[in-house]
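Report on the following structure.
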Amino acid sequence: MTEAQTKPSLLTQMGGVAGMVYAGLPSVVFVIANAAADLRAAVMLGVGAGAGIAGLRLLRREPLQPALSGLLGVAVGAVIAYRTGDAKDFFVVGIWASLLLALAFLASILVRRPLVGVIWSALSGSKQTWRTDRTALIGYDIATLAVTAVFAARFVVQNWLYSVDATDWLAFARIAMGYPLMGVALVVVVWAVRRSGRRVAAHPADV
């Protein structure tokens with residue numbers, strides 16, 4: 001058995017799909033708690049949820065990276081909101097992160113290294129042989145553009161809601177434009193991954 005076969009992929013090390021979901025749960029708890037109660041309760045419950053998930057994964061000896069990233073994200077947002085006394089400031093980091101990510105994904109297309117393909121290769125532990133196949137490369141360009149559109153939409157909508165002090169709608173947008181919207185983009189990503197896999201399998205000598 002080769003080293004590539006025995007070494008866990010990055011996706012496995014991150015805890016799989018469940019791990020990525022855990023990373024976003026503390027923020028969801030903060031949003032719901034703030035809508036149902038107040039900022040103080042949202043801070044305590046959001047950070048508490050992150051710490052609880054991290055503790056549970058530690059007891060189960062599961063990868064801590066997704067839980068810690070979720071805890072860090074909600075903690076930073078909660079601290080900013082608590083210091084300013086305005087719940088909408090919890091979303092500031094996420095809003096501007098969406099802009100930066102949109103620019104990064106768009107730039108990757110322009111330099112012919114679409115991030116969806118690069119990231120998938122890292123997650124699956126496979127090589128980037130698809131870069132030498134024009135059809136596969138275009139597929140990843142399209143998938144990367146779909147993800148870019150998601151991040152760009154998040155920034156435009158949430159930044160506007162932030163500017164007009166629509167905190168409740170901002171909280172709703174945070175949830176609605178999270179996993180559901182990214183799920184739509186993932187349909188395109190899956191299409192690109194399968195398309196690339198078929199191309200590489202059908203033309204191994206070319207790639």
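Only the coordinates and a few stated rules stand behind these numbers; no lab work does. These numbers were taken from a predicted model, which means no experiment stands behind them. Don't worry about glycine lacking a Cβ; one is built from the backbone with ideal geometry, like all the others, and counts go over all protein chains shown.
How far apart, in nm, are the 7 Å Cα→Cβ label points at residue 182 and residue 113?
According to this spin-label approximation, the distance is 2.3 nm.
Quick one: net charge around residue 111, please, counting Lys, Arg +1 and Asp, Glu -1 for every other residue with C-beta under 12 Å from its C-beta.
Result for the local shell: +2.
Give me the net charge for the shell around residue 40: Cβ to Cβ below 15 angstrom, other residues only, Lys and Arg +1, Asp and Glu -1. Write down the numbers at each step before the final one.
Details: positive: 83; negative: 38, 86, 89.
Result for the neighbourhood of residue 40: -2.
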